[in-house]
Amino acid sequence: MREIILPAGFVIGALAAAAASDIWYLTVILLGAFVLTERTVHGDGRSFSLLCAGEAVVVAAAAAGIAPALLLQVILLAYFLRLEGFLTARAEAVGFLGLCGAVLLLYPMMLASHHMLLPVLLIGAVLAGAYIALWLSGHQLKTAYSGGDTP
């Protein structure tokens, strides 16, 4: 039951953004592609495929405003990290919520700048750095417990 909360929240949020957008039909079509990907793709590339399909929905939802796009981005990242095996411990979830809070602090800067390139690049850099840090800590933990040397 817990596995359905994040994708359901993403779908509900995307439908709400579509209702407030001029290009609602594009958001709904891309959301259909996301749901189809979620239901049919299995195996190693599943999480990356869902991330790509979800990013298209986030971009389309940005037509409704920056706030819905940021909310969908956070939900999509949480879903991706859950599929990759992260956000299972309380410390990881607290760190993720801190990261989300930092990203949401950028929201006023996005509204004031009247263009999206710099804020989006900044958010992407922060999220990529956080993903790499989580992956490295997980890799180090696995190496330590498997009996190998830690870097």
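The values are calculated or read from the model by the stated rules, or taken from the named source; none is laboratory data. Remember, it's a predicted structure, so these values are computed and weren't measured experimentally. Heads up, the Cβs are rebuilt from the backbone with ideal geometry, glycines too, and the neighbour counts pull from every protein chain shown.
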Checklist outcome for this item: Just one listed residue, out of L97, L104, is outside the structural domain of A18 (by TED's automatic domain parsing), at pLDDT 85 or above, part of a helix (DSSP H, G or I) and under 14 Å from the mean Cα position of the chain (by Cα), and it is L97
Checklist entry - Taking interchain pairs and intrachain pairs at least six residues apart, which have beta carbon atoms under 8 angstrom, with the first residue in region 22-41 and in contact (Cβ under 8 Å) with a residue 40 or more places away in the chain and the second buried (at least 16 other Cβ atoms within 10 Å of the Cβ)? => result D22/A63; I23/A60; I23/A63
Next on the checklist: Restricting to region 1-59, and then to whatever is of a type in the set (S, T, N, Q) and either in a helix (DSSP H, G or I) or within 17 Å of the chain's Cα centre (by Cα) (or both), can you tell me which residue is surrounded by the most Cβ atoms within 10 Å (Cβ to Cβ)?
Outcome noted: T27
Checklist outcome for this item: Of the residues in region 107-121, those that are closer than 20 Å to A64 by Cβ and not in a loop (DSSP other than H, G, I, E, B) come to Y107, P108, M109, M110, L111, A112, S113, L117, P119, V120
Checklist entry - surrounded by 12 or more Cβ atoms within 10 Å (Cβ to Cβ) and either modelled with pLDDT under 90 or in a loop (DSSP other than H, G, I, E, B) (or both): does that describe A63? => result yes
Checklist entry - Any residue at all in region 78-89 that is of a type in the set (F, W, Y), in the same structural domain as A8 (by TED's automatic domain parsing), closer than 24 Å to F34 by Cα and part of a helix (DSSP H, G or I)? => result yes
Checklist entry - out of contact with any Asp or Glu (no Cβ under 9 Å at 6 or more places or on another chain), outside the structural domain of V11 (by TED's automatic domain parsing) and at pLDDT 80 or above: does that describe A56? => result no
Checklist outcome for this item: Pairs returned, first residue in region 118-129 that is more than 13 Å from V74 (Cα to Cα), second residue that is exposed (fewer than 14 other Cβ atoms within 10 Å of the Cβ), beta-carbon separation under 7 angstrom, 6 or more apart or interchain, are P119/M109; P119/S113
Checklist entry - If R90 satisfies every condition in (1) surrounded by fewer than 16 Cβ atoms within 10 Å (Cβ to Cβ); (2) at pLDDT below 90; (3) within 22 Å of A128 (Cβ to Cβ) but one, which is the exception? => result (3)
